[in-house]
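Below is one structure; the comments refer to it alone.
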Amino acid sequence: MKKKIYILLIILFILVLSLSVLFIKNKKTITTIYATVSYQGNNYLLAVTENNQEYKINTQKKYEIGDQISFDCHTIKKKNPIEGNFTNLKKLNKNINLTIEDEATDNSPIDSTSSISTPSTNNLTNPPEEAISYLEELNQEIDQNQTITEKIKANFIQVVDFLFYNGTIKGKTFDSLSDEAKLKFLKLFYTIDTKIEEKYPNYKEEIKDTSTKIYSKAKEKAMTTYLEITTNLCKNNEEGCKTAKEDLKEMKKSFSLTWNTIKSISGVGLSKLKSWYEVWRDTND
């Protein structure tokens, strides 16, 4: 009888030990998540996966909206957005320079700093209007040409780098501009991007094949940034908020923008859409 009890205890011990090992192994399972940054907050960021799962990641690092990232997921809390124990946060899209060789001397880029550079002391002397003038010159260049020149190519890439990849124009960075100047720049860029899509429909797809940067999504990213800045501006700047909404109303008419267009922007959580809609609603006739 005692022998049977001992055998039973041994079997139970082995069973418990096996279950414990299995539990510990499952607990230590690490899943790598790939996502796109949709918002940068204070000491955290929001990122969205391809299946629209939104994650909140605590980090001191700074990222740009649209950056591709990966991180290891150890444990999660079923919240919206999802929170948990996340480690090994990495940025996947690395800044690179695209070299475009000009075939003619009159196709050289508009005089400015290189597309990827560190902010210079010119930031203190060059007014924001110079960056906007650079964009206005590019707009005129597109209007004056029926084909996409090397000059247009080079300067379009320069502008996208300025907007989304910490590039500089006339010694200025996009972050160094005032909110009002940023919105003016974004509105003009949206116009330029639309013209490029209409006149040279295959151009951005060609860039897409030669770079890790998201040139084909530039317009979508510009609208995301415009709405983000406007939402924040409307919290503490009544006059700036009014101007931003008037410009957005004009853009809606000029580019046939609808709320469905905004909702279709990838990587946007419900909380962000709600705050954007409050701005959008005020621009309806």
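The values are calculated or read from the model by the stated rules, or taken from the named source; none is laboratory data. Predicted model only: the values in this text are computed from it and were never measured. Here Cβ is always computed from backbone atoms with ideal geometry, including for glycine, and neighbour counts include all displayed protein chains. Surface accessibility is based on the protein's heavy atoms, side chains included, excluding ligands, DNA and RNA. Shrake-Rupley method; radii C 1.70, N 1.55, O 1.52, S 1.80 Å.
Values for this structure:
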| read-out | value |
| --- | --- |
| Those helices (runs of 4 or more DSSP H) lying entirely in the stretch 228-285 with at least 2 residues under 19 Å from the mean Cα position of the chain (by Cα) and polar (S, T, N, Q) | 270-281 |
| Extreme residue, modelled with the highest pLDDT, among residues of the stretch 7-39 that are within 15 Å of Lys91 (Cβ to Cβ) and surrounded by 17 or more Cβ atoms within 10 Å (Cβ to Cβ) | Ile33 |
| Qualifying positions in the stretch 73-83 - touching a Phe, Trp or Tyr at 6+ places or on another chain (Cβ under 8 Å) and either of a type outside the set (A, V, I, L, M, F, W, C) or farther than 13 Å from Leu46 by Cα (or both) | Cys73, His74, Pro81, Glu83 |
| Some residue of the stretch 78-98 being modelled with pLDDT of 80 or more, under 28 Å from Val159 (Cβ atoms) and open to solvent by less than 40 Å² (accessible area, probe 1.4 Å) | no |
| So Lys170, is it farther than 22 Å from Gln40 by Cα and modelled with pLDDT under 85 | yes |
| Odd one out for Gly267, checked against (1) modelled with pLDDT of 80 or more; (2) in contact with a strand residue (DSSP E or B) (Cβ under 6 Å, 6 or more places away or on another chain) | (1) |
| Number of positions in the stretch 45-68 that are at pLDDT 80 or above and open to solvent by 60 Å² or more (accessible area, probe 1.4 Å) | 7 |
| Residues satisfying the stated conditions in the stretch 120-158, i.e. open to solvent by 40 Å² or more (accessible area, probe 1.4 Å), among the polar types (S, T, N, Q), at pLDDT 80 or above and closer than 18 Å to Thr173 by Cα | Ser133 |
| Residue among Asp193, Asp175, Asp161 that alone is surrounded by fewer than 15 Cβ atoms within 10 Å (Cβ to Cβ), in a helix (DSSP H, G or I) and either modelled with pLDDT of 80 or more or touching a Gly at 6+ places or on another chain (Cβ under 8 Å) (or both) | Asp175 |
